[in-house]
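The values are calculated or read from the model by the stated rules, or taken from the named source; none is laboratory data. If you're wondering where the values come from, they're calculated on a predicted model, not measured in any experiment. Cβ placement follows ideal geometry from the backbone for every residue including glycine, while neighbour counts extend to all protein chains displayed.
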Amino acid sequence: MLQTGQPLRSRDPAVEARQRWPKAIVGYAVDYAPGHSTGRHSHGRAQLVHGEKGVMTVRTDDGAWVVPPGYAVWVPPRMVHEVRAAGAVAMRTLYLRPDSGVPVDPRCRVVRVPALVRELIARVVRLPEDYPEEGPEARLVAVLADELSELPPAPLDLPLPQDRRALAVAEALIADPADGRDLDDWARSAGASDRTLSRLFRRETGLTFGRWRQRRRLLAALERLGAGEPVTAVALDLGYDSPSAFIAMFRRTLGTSPTRYLRDGGD
């Protein structure tokens, strides 16, 4: 749910300090240990959650977004969220004021981060609070702002339905993405007809029930692969008949194999 009141303070004093820095775009570099959680918080600025290494998951009341290398999540200002590290993570994030010139959607979304933008972010997070208004530093930030406006979307979000029946099913599958019950079984457990449950998922998430469940399994796989688990174990634990079936799904969705995807950051 989008928050419109005062931001919920971060536990990290450096994050809070950057909200008050004078420039419209500021960066922050921090490393997280496996399993680290930022806790629920929000910022007065929009945020681009990006990592040089490792896999993160951003959660809000409205959904979940997985961030492997080569991707990032836009988080609107005052959106209460939590960032959790699946494995060791090197987070390189940006905070943007409205006058940055970069449009930010009112909802979270995952975007591809090409190699050029990754390099620009790596430079910007090293800039001091008082870098000059003119000169190479300012030109660097201006180029980054132009590139941020053109980042392509990626299918790594998991929107949550709001209807209590569909939400109960979604939360059960978030807890156990390998649960293989079909739509009829889930509808009975939720106290709805299969047609009603199907309509609710499509209307409230933009995905069919089957595609929502496949997306949930994909995101669970990325989290576990990012934590270093082998492809075979992840595939079988998530309910796929074989590793090859899982790899085929992964290729159809993301265009490459799981191993290469995590190694190359989606490039």
Considering only residues that are in contact with a Leu (Cβ under 8 Å, 6 or more places away or on another chain) and either among the β-branched types (Val, Ile, Thr) or closer than 18 Å to residue 199 by Cα (or both), which ones fall in the range 136-170?
141, 143, 158, 159, 160, 161, 163, 165, 166, 167, 169, 170
Go over the candidates 44, 63 one by one and state the one that is of a type outside the set (A, V, I, L, M, F, W, C) and over 22 Å from residue 130 (Cβ atoms).
63
Hey, can you tell me all the residues within the range 11-43 that are touching an Asp or Glu at 6+ places or on another chain (Cβ under 9 Å), aliphatic (A, V, I, L, M) and closer than 18 Å to residue 121 by Cα?
24, 26, 29, 30
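Filter the range 224-252 down to the residues that are in contact (Cβ under 8 Å) with a residue 60 or more places away in the chain and surrounded by 14 or more Cβ atoms within 10 Å (Cβ to Cβ), then identify the one that is nearest to residue 51 (Cα to Cα). I'd like the intermediate steps shown before the answer.
Going residue by residue through the range 224-252, those that are in contact (Cβ under 8 Å) with a residue 60 or more places away in the chain are 224-228, 238-239.
Retained after the next criterion (residues that are surrounded by 14 or more Cβ atoms within 10 Å (Cβ to Cβ)): 224-227, 238-239.
Numbers: 224: 16, 225: 15, 226: 12, 227: 14, 238: 25, 239: 29 Å.
That would be 226.
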If we take the range 128-204, then helices (runs of 4 or more DSSP H) inside it with 2 or more residues that are assigned by TED's automatic domain parsing to the domain that holds residue 108 are 136-148
Only residues in the range 73-94 that are at positive phi and not assigned by TED's automatic domain parsing to the domain that holds residue 35 count as the first member; pair them with residues that are surrounded by fewer than 24 Cβ atoms within 10 Å (Cβ to Cβ) and acidic (Asp, Glu), Cβ under 7 angstrom, at least 6 apart or cross-chain, and list the lot.
none
Confirm whether residue 221 is closer than 21 Å to residue 59 by Cβ and surrounded by 14 or more Cβ atoms within 10 Å (Cβ to Cβ).
yes
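Could you please give the count of residues in the range 136-171 that are small (Gly, Ala, Ser) and under 19 Å from residue 70 (Cα atoms)?
Residues that pass the stated criteria total 3.
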Taking the range 98-123, which residues are surrounded by 18 or more Cβ atoms within 10 Å (Cβ to Cβ) and closer than 18 Å to residue 20 by Cα?
100
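Residues are listed down the side, and each one gets a yes or a no for (1) modelled with pLDDT of 90 or more; (2) assigned to a helix (DSSP H, G or I); (3) touching a Phe, Trp or Tyr at 6+ places or on another chain (Cβ under 8 Å):
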site: 207; (1), (2), (3): yes, no, yes
site: 211; (1), (2), (3): yes, yes, no
site: 215; (1), (2), (3): yes, yes, no
site: 219; (1), (2), (3): no, yes, no
site: 229; (1), (2), (3): no, no, no
site: 232; (1), (2), (3): yes, yes, no
site: 244; (1), (2), (3): yes, yes, no
site: 247; (1), (2), (3): yes, yes, no
site: 253; (1), (2), (3): no, yes, no
Segments classed as strands (runs of 3 or more DSSP E), wholly inside the range 1-97, with at least 1 members that are surrounded by fewer than 21 Cβ atoms within 10 Å (Cβ to Cβ) and either at pLDDT 90 or above or not aromatic (Phe, Trp, Tyr) (or both)
25-32, 46-53, 56-60, 63-67, 82-85, 89-96
Matching option when the condition is basic (Lys, Arg) and without any contact (Cβ under 8 Å) to a residue 12 or more places away in the chain, among 139, 126, 165:
139
